[in-house]
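The values are calculated or read from the model by the stated rules, or taken from the named source; none is laboratory data. The structure presented is a predicted model; accordingly, all values stated were derived computationally and were not measured. Neighbour counts run over all protein chains shown; Cβ positions are idealised from the backbone, glycine included. With ligands, DNA and RNA removed, areas are computed over all heavy atoms of the protein, side chains included. Shrake-Rupley method; radii C 1.70, N 1.55, O 1.52, S 1.80 Å.
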Amino acid sequence: MSEAGLLDLRNKLDNIDDQLLKLINERMEVVHEVGVLKAHSGGAIYRPEREKAIIDRLESLNNGKLNRAAIEALFLEIFAISRNLELPENVAYLGPEGSFTHQAAEGRFGAMSSYVSISSIKGIFREVDTKKARFGVVPIENSSNGIVTDTINCLNRYNLKIIAEVVLDIHHTLATTCDKIEDIKRIYSKDIAFEQCRKFLANFGLDEVEQIPIESTTKAAKIAAKEPGTAAICPHVGAKLHNLPILFENIEDKDNNKTRFFIISDFENTQSGNDKTSILVELPDKQGSLVEFLTDFNAAGINFTKIKSHIVQGNSIFFIDFDGHQDDDNVAPILKKHKDTVKILGSYVKEIHDI
């Protein structure tokens, strides 16, 4: 291509960028007006069902090279910037910085949001409950290791609502300052990460190396970056954060390893048309009580996507996900019938059927 032709294309891109900037600023002016109205009415700034409706509409209009994932990536960042213009609010996540929960939070709230690293799931619930943080991001389950009990316990204890779910593909790296595998004498990571990478460790003879469990994979990267002869099993972002060279990528045993996160706050979503509802159920200790409960949902044509039993404070409870919104015509009467045994955790836009 000639220099003149390249210059012409660059000028076209510059003109398009100028128009984009003008239009985005126009959008932010309208966002500001919305923020003023919400400030007077007390309306929630973050509306996942509204964001989904916008992306659905844009996808239906799209006839260019962008796919849905690209549209989501662009507009979720625009939404995040918009929220911060309306009302900057803290997002509490299970830290430290660079953790998978941090990644999940940034994926939904964008790079410009104000993030608060909290060292425990209970601490996140407490921060949101006391309104020091507007939103909290907590793990609820992993495809390899199941439900996170601490999150279930806190959902039972606190009167907060699930307003969204985020599903993240979990990839681990082996990061180290060592040039060769045989130079690695110790490996740091979370116990769950060691468990998810057993085959890799055995295949490379690292199952005989001292494995030191610590509270976070990002902290593992921080230690390994400073301590010679060590390595960390950590996320890619954790290694980059501490300038720790990556020796192997994607070392997890299962290639479909996913973690599901909940975003919690103090408000409820309206119906989006593609919702999921989570509840906790404490049934009477008598024969047939679970069957009777499930039969009511089945008769109404409601699809359960998850049923897990747990012991909370000595009592047996069920954590249940089902398709639909708590205000749907076929759902609301059943929840009303069982109101003495059901705690509604929240209805939210469905991101995935199950993991």
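Details
- Heavy atoms of the protein chains alone define the surface here; on that basis the stretch 104-228 has 45 Å² accessible area per residue at 1.4 Å probe size.
- Averaging Cα coordinates gives a centre for the stretch 218-236 and one for the stretch 252-314; these two points are 37 Å apart.
- Among (i) 1.14; (ii) 0.96; (iii) 1.30, the entry that matches Cα Rg over 2.2 N^0.38 Å as calculated here: (i)
- Accessible heavy-atom area order of Asp328, Asp285, highest first, probe of 1.4 Å: Asp285, Asp328
- Simple Cβ-charge dipole of the stretch 62-131, Lys/Arg +1 and Asp/Glu -1, about Cα centre, in debye nearest 20: 160
- Selected from Ala111, Ala133, Ala70 as most flexible by GNM, with the chain as the system and alpha-carbon contacts under 10 Å: Ala70
- The heavy atoms of Val342 offer some 20 square angstrom of accessible surface to a 1.4 angstrom probe.
- Quotient of Cα Rg and 2.2 N^0.38 Å for the stretch 248-296, N being how many residues it contains: 1.92
- Rolling a 1.4 Å probe across all protein chains gives Leu247 an accessible area of roughly 60 Å².
- Across Val148, Val291, Val116, mean-square fluctuation computed from a Gaussian network of the chain (C-alpha pairs under 10 Å connected) peaks at Val291.
- Computed E for Asp266/Ser289 - FRET, C-beta separation, R0 45 angstrom, nearest 0.05: 0.90
- With 32 Å as the limit on Cα-Cα distance, the pairs of Lys258/Lys336; Lys132/Lys286; Lys254/Lys343; Lys65/Lys258; Lys52/Lys306 that go past it are Lys258/Lys336; Lys132/Lys286; Lys254/Lys343.
- Between Asp296 and Ser119, the FRET efficiency estimated from the beta carbon spacing at R0 = 30 angstrom works out to 0.15.
- Computed P(r) (all Cα pairs; the stretch 97-236; 10 Å bins; percent): 11, 37, 30, 17, 5, 0
- His310 accessible area, assembled protein chains, probe 1.4 Å, Å²: 30
- Heavy-atom accessible area, probed at 1.4 angstrom with all protein chains present, ranks Ile264, Ile212 as Ile212, Ile264, highest first.
- For the stretch 45-109, the Kirkwood hydrodynamic radius comes to 13.1 Å, computed from all pairs of different C-alpha atoms.
- HN-Hα J in Hz across the stretch 180-196 - Karplus 6.51, -1.76, 1.60, θ = phi - 60°, x for Gly and Pro: 10, 4, 5, 7, 7, 9, 9, 10, 9, 4, 6, 4, 5, 6, 4, 5, 7
- Placing Met112, Met28 in order of accessible area, with the largest value first and a 1.4 Å probe, yields Met112, Met28.
- Distribution of pairwise C-alpha distances over the stretch 154-263, 5 Å bins, in %: 2, 13, 22, 23, 15, 9, 7, 5, 3, 1, 0
- The aspartates and glutamates whose alpha-carbon is closer than 13 Å to the alpha-carbon of Lys222, local same-chain residues fewer than 8 away aside, are Glu97.
- Nearest-0.05 FRET efficiency for Ala202 and Asp56, computed from C-beta distance (R0 41 Å): 0.35
- For the stretch 232-343: Kirkwood Rh in Å [reciprocal of mean 1/r, alpha carbons]: 17.4
- Accessible surface of the chain [probe 1.4 Å, protein heavy atoms]: carbon and sulfur percent: 51
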